[in-house]
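Peer 1: Please find one structure pasted underneath; my questions will follow.
The values are calculated or read from the model by the stated rules, or taken from the named source; none is laboratory data. Note that the coordinates shown come from a computational prediction; the quantities given were computed from them, not determined experimentally. Reconstructed Cβ throughout: ideal geometry from the backbone, glycine too, with neighbour counts over all protein chains shown.
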Amino acid sequence: MPDSDVATLAEQVIAGDRRALARAITLIESSRADDREPARQLLEHLVPRSGDSIRVGISGVPGVGKSTFIESLGNHLIDAGHKVAVLAVDPSSAISGGSILGDKTRMETLSRRTEAFIRPSPAGETLGGVARRTRETMFAVEAAGFDVVLVETVGVGQSETTVSRMTDMFLLLLLPAGGDELQGIKRGIVELADLILVNKADGQLELAAQQSVTDYRKALMFMAHRADGWQVPVEAMSALSGEQTPEVWKTVTEYREQRDKQGLIAQKRADQAINWMWSEIQNGLVERLKATPEVAARVTELEQAVRDNRISPTTAADKLMEIFIK
Ligand SMILES: Nc1nc2c(ncn2[C@@H]2O[C@H](COP(=O)(O)OP(=O)(O)OP(=O)(O)O)[C@@H](O)[C@H]2O)c(=O)[nH]1
Ligand SMILES: [Mg+2]
């Protein structure tokens, strides 16, 4: 793609042209080697126009109600005059080749509104690859004028950390659960989640949900306090009825405003950007190392030696890095 075309595409995205935005994201997500450079150039145009948004991560186990909540929240926000982008980070999309997260059929009303933009998880070889493309897509949707970005991810391990590293606030959805299951709320979660929502607080589950809220609040009190002094709220919610959605959003904006005043959002984003730069360097170096013919020629042999316990992984790694540097 010639430079002038990239510039035109960027202009169209910034002007709010949806089809241009879709094309831009396709370019960003492309794994073709010759798309990488134009994608990079495109981002250079878009990044200065990005950032004017609230970025919210939403996580929870499959079936907890993430999509139902996003449908409710998204509609509420659009009614209030926002433009809402929904992105997804699904590590399993690497295996399945596609993702159900961010699937439009699960957000039926929202997906039909022109003020919403829904993009399923990109496919990628690694979580890092998926995350990189989602971050870059975030720049594109922000440049296109979307001022709320919701990033959905499944609540299984690494992907939560990944999403918390690209958002301003992280929401964790939990299911109503009794005593023993409370251990599901692990220590790390407290550092990660800025707001905990016990979903499905309706019908037969309402009482159990209220009880869970009480239990989780107690459990949180006994855990180490967060370094930043934020007391993580725990609330019951029914994403299905959407009754608490305005209240939930109020908590999000309060959190945002409070931290914005203290300069903490800008600081967090700056830290995230620096971390990202270093993880790009890490990934890039490994890619280049593997692509070096002199290294490639020795990899199989050294891997076998490590498998057979003939040399230590550390020594093998040192050897390969030495070959690379030379
Ligand atoms: N009763 C009740 N059911 C709900 C609520 N929220 C979601 N559900 C139902 O729970 C099921 C799963 O909801 P989803 O929104 O698809 O859940 P999800 O977390 O997006 O699931 P995955 O995308 O598979 O990870 C659906 O049948 C919803 O209708 C709620 O607040 N109350
Ligand atoms: Mg979903």
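Peer 1: When the stretch 210-239 is examined, which residues are found to be part of a loop (DSSP other than H, G, I, E, B) and at pLDDT 95 or above? If you could, list the steps in order and put the result at the bottom.
Peer 2: Step one: list which residues in the stretch 210-239 are part of a loop (DSSP other than H, G, I, E, B), which gives 223-233, 237-239.
Residues satisfying the conditions are M237, S238, A239.
Peer 1: Count, please, the residues in the stretch 279-309 that happen to be in a helix (DSSP H, G or I) and farther than 29 Å from R165 by Cα.
Peer 2: Final tally of qualifying residues: 15.
Peer 1: For the subset of the stretch 137-170 comprising residues that are assigned to a strand (DSSP E or B) and not acidic (D, E), which member is surrounded by the fewest Cβ atoms within 10 Å (Cβ to Cβ)? Spell out the reasoning first.
Peer 2: Restricting attention to the stretch 137-170, the residues satisfying the condition of being assigned to a strand (DSSP E or B) are 148-154, 169-170.
From what is left, the residues that are not acidic (D, E) are 148-151, 153-154, 169-170.
Values: V148: 24, V149: 26, L150: 27, V151: 29, T153: 31, V154: 23, M169: 21, F170: 26.
Here the residue is M169.
Peer 1: Would you please name the residue that is modelled with the lowest pLDDT, looking only at residues in the stretch 192-208 that are more than 9 Å from ligand 1 (Cβ to nearest atom) and not acidic (D, E)?
Peer 2: L192
Peer 1: Before we move on, is I189 surrounded by 17 or more Cβ atoms within 10 Å (Cβ to Cβ) and either part of a loop (DSSP other than H, G, I, E, B) or modelled with pLDDT of 80 or more (or both)?
Peer 2: Details: surrounded by 17 or more Cβ atoms within 10 Å (Cβ to Cβ): yes; either part of a loop (DSSP other than H, G, I, E, B) or modelled with pLDDT of 80 or more (or both): no.
Criteria not met by I189.
Peer 1: Based on what the data block shows, is E243 within 16 Å of ligand 1 (Cβ to nearest atom), surrounded by 11 or more Cβ atoms within 10 Å (Cβ to Cβ) and not in a loop (DSSP other than H, G, I, E, B)? Please lay out each step first, then the result.
Peer 2: Working: within 16 Å of ligand 1 (Cβ to nearest atom): yes; surrounded by 11 or more Cβ atoms within 10 Å (Cβ to Cβ): yes; not in a loop (DSSP other than H, G, I, E, B): no.
Here the answer is no, as E243 does not meet what is asked.
Peer 1: While we're looking at this one, here's another question. So, of the residues in the stretch 44-74 that are part of a helix (DSSP H, G or I), out of contact with any helix residue (DSSP H, G or I) (no Cβ under 6 Å at 6 or more places or on another chain) and within 12 Å of ligand 1 (Cβ to nearest atom), which turns out to be farthest from L205 (Cα to Cα)?
Peer 2: Going through the stretch 44-74, the residues part of a helix (DSSP H, G or I) turn out to be 44-49, 66-74.
Checking the rest, the ones that are also out of contact with any helix residue (DSSP H, G or I) (no Cβ under 6 Å at 6 or more places or on another chain) come to 44, 48, 66, 68-70.
Still in the list and also within 12 Å of ligand 1 (Cβ to nearest atom): 66, 68-70.
On the way: K66: 17, T68: 16, F69: 17, I70: 20 Å.
Across the stretch 44-74, the extreme among qualifying residues is I70.
Peer 1: Another question, then. Which numbered condition in (1) under 30 Å from N75 (Cα atoms); (2) touching a Lys or Arg at 6+ places or on another chain (Cβ under 7 Å) is the only one that A239 fails?
Peer 2: (2)
Peer 1: Here is a list of conditions, (1) away from ligand 1 (no atom under 16 Å from the Cβ); (2) outside any helix (DSSP H, G or I); (3) at pLDDT 90 or above, and A123 meets all of them except one; can you say which number that is?
Peer 2: (3)
Peer 1: Out of T134, T109, I need the residue that is of a type outside the set (A, V, I, L, M, F, W, C), surrounded by 24 or more Cβ atoms within 10 Å (Cβ to Cβ) and at pLDDT 85 or above. Which one? Write out each step before concluding.
Peer 2: Values: T109 fails: surrounded by 24 or more Cβ atoms within 10 Å (Cβ to Cβ).
Exactly one residue qualifies, and that residue is T134.
Peer 1: A follow-up question, please. Of the residues Q231, Q282, Q272, which single one is exposed (fewer than 12 other Cβ atoms within 10 Å of the Cβ) and under 24 Å from R132 (Cβ atoms)? Break it down stepwise before answering.
Peer 2: On the way: Q231 fails: under 24 Å from R132 (Cβ atoms); Q272 fails: exposed (fewer than 12 other Cβ atoms within 10 Å of the Cβ).
Testing whether each residue is exposed (fewer than 12 other Cβ atoms within 10 Å of the Cβ) and under 24 Å from R132 (Cβ atoms) leaves just Q282.
To keep it simple, each residue is scored yes or no on (1) surrounded by fewer than 23 Cβ atoms within 10 Å (Cβ to Cβ); (2) outside the structural domain of Q12 (by TED's automatic domain parsing).
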site	(1), (2)
R36	yes, no
Q41	yes, no
E44	yes, no
I54	yes, yes
I58	no, yes
V61	yes, yes
S67	no, yes
I70	no, yes
G74	no, yes
